[in-house]
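First the structure, in the form of structure tokens, and then the observations on it.
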Amino acid sequence: MVQRQFTATTPNRLWVADISYLRTWEGFLYLAVVVDAYSRRVVGWAMADHLRTELILDAVGMAIQHRRPARDQLIHHSDRGTQGEFN
């Protein structure tokens, strides 16, 4: 749906998400982030010591709770964990 066009003309039309990890003395800490493509601001995030579904649901839930996007107006994009280059 996005076709690598990561711009939006209004807030809450396109959110992009990603997960990263940080190595700590006690193991890995995972960070899920949701960014509004219009403002380029983080609108939701969550951290956990696991990569289970609730990590992502917590980040998206925070974004929805704080921004309250209009129904059927928002596209949420994630690369679904794919890595590498695409031609």
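The values are calculated or read from the model by the stated rules, or taken from the named source; none is laboratory data. This one's a predicted model, so the numbers in the text were calculated from it and none came from an experiment. Here Cβ is always computed from backbone atoms with ideal geometry, including for glycine, and neighbour counts include all displayed protein chains.
Contact map, the stretch 51-76: first residue part of a strand (DSSP E or B) and at pLDDT below 90, second residue basic (Lys, Arg) and surrounded by 12 or more Cβ atoms within 10 Å (Cβ to Cβ), Cβ cut-off under 8 Å, separation 6 or more or different chains; pairs are Ile75/Arg13. The residues of the stretch 48-61 that are within 14 Å of Leu22 (Cβ to Cβ) and either basic (Lys, Arg) or surrounded by 15 or more Cβ atoms within 10 Å (Cβ to Cβ) (or both), listed by number, are Ala48, Leu55.
Residues in the stretch 1-40 that are under 11 Å from Leu74 (Cβ atoms) and part of a strand (DSSP E or B) were compared, and the one that is modelled with the lowest pLDDT is Leu14.
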